[in-house]
1. Run down GLY51, GLY82, GLY56, GLY29 and say which single residue is over 24 Å from LEU135 (Cβ atoms), crowded, with 18+ Cβ neighbours inside 10 Å and of a type outside the set (A, V, I, L, M).
2. Just for segment 201-220: of the residues that are aliphatic (A, V, I, L, M) and over 24 Å from the mean Cα position of the chain (by Cα), which one is surrounded by the most Cβ atoms within 10 Å (Cβ to Cβ)?
3. Checking the condition small (Gly, Ala, Ser) and in contact with a strand residue (DSSP E or B) (Cβ under 6 Å, 6 or more places away or on another chain), which residue from ALA120, ALA165, ALA153, ALA202 passes?
4. Given the condition within 23 Å of PHE75 (Cβ to Cβ), without any contact (Cβ under 8 Å) to a residue 60 or more places away in the chain and acidic (Asp, Glu), answer yes or no: does some residue in segment 168-187 qualify?
Amino acid sequence: MTLALTTLQTCALWSDAPAEVLQEAAARGALRPLRRRALALTLPEMGRMVGAVVSGRVQAIAHTPDERECALASFAVGAHFGDAEAWGPAEVAGMPTVWYVAATDAAVALWPKMALEAIATRWPALWQRLLIAALARERQWQRWRQWWNVPDAVTRVAGVLALLASGDPNGRLPEGVTQQEIAGFANTTRETVTRVMQRLQAAGAVVRTPAGWQVDADKLATWQREALKS
C-alpha cells in the first residue's frame, strides 16, 4: 500500500521536512498492516529497511542467552525503528539479534535503506536523525540487558519501571505502555507486574495520575533497598 502525505506527518523522522522531501518519502515508502504478534520486518529486510509506526505499537524483542524472550524497546505512533540494524554498530560483541513485533494490531510505514540514503543526500537532517537514533538504540538495549540475569522478578519489574520513567523529567511512564509490555521488558507475567505495582502504589513509589503512571525515583529506590533486605 502506498503512503499518504498525512501519514508522514505523524512520524518524527520527517518532522519539519520540506514539501519535496515529504513527497519523495511518500513515493518511496509503503504501508504495511500488521496483526498482533506479526513481524514488522522480516529476516531478509533486517538492515535493509527502516520502519515507522503509523498505528498501534511495535516492540523490539530479543532472546537472552538461555532463550528467554525479553522486550528491548516499545515504539508508539510516530516512532521509527530498524535504524540500528541499518547504520548502527551491529557487529559489536553482545549486540542482541532483535525482532520487531507488533504488540497490537498495527500499521507501519517502510522505506528501503537505499531510498533513505538517497533522500538524505538532499536533506542532511535525515542523516543526523537516523545515525543519532541508531547509536541511542544500542545504548538503550545495553541498559536493558543488565536485567536479563537478575533472578528475582520483583526486582526486574522495579528496575524496568525505573528505566521506563527515566526518559521523562516528571517520571512518567511512556504514554500507552501496558502492563503486558512491562512484563515483556521484565521477562515475567502480567499478573506479577500487577502485584508489584500494587505494592509500589501502597508505598507511594508509583502513582496513577490523569496523565498516566508516574514514578517517584527516590521512593522506588528506597523500596528496592528494603525489598532486597527482606
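1. Being over 24 Å from LEU135 (Cβ atoms), crowded, with 18+ Cβ neighbours inside 10 Å and of a type outside the set (A, V, I, L, M) holds for just one of GLY51, GLY82, GLY56, GLY29, which is GLY56.
2. My answer is ALA203.
3. None of the other options fit; the residue is ALA165.
4. The answer is yes, given that some residue of segment 168-187 is within 23 Å of PHE75 (Cβ to Cβ), without any contact (Cβ under 8 Å) to a residue 60 or more places away in the chain and acidic (Asp, Glu).
Let's see how each residue does on (1) at pLDDT 90 or above; (2) of a type in the set (Lys, Arg); (3) touching a strand residue (DSSP E or B) at 6+ places or on another chain (Cβ under 6 Å):
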{"residue": "ALA27", "(1), (2), (3)": "yes, no, no"}
{"residue": "LEU34", "(1), (2), (3)": "yes, no, yes"}
{"residue": "VAL58", "(1), (2), (3)": "yes, no, yes"}
{"residue": "ALA62", "(1), (2), (3)": "no, no, yes"}
{"residue": "LEU72", "(1), (2), (3)": "no, no, yes"}
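The values are calculated or read from the model by the stated rules, or taken from the named source; none is laboratory data. Model, not experiment: these values are computed from the prediction. Using ideal geometry, Cβ is built from the backbone for each residue, glycine included, and neighbour counts are taken over all protein chains shown.
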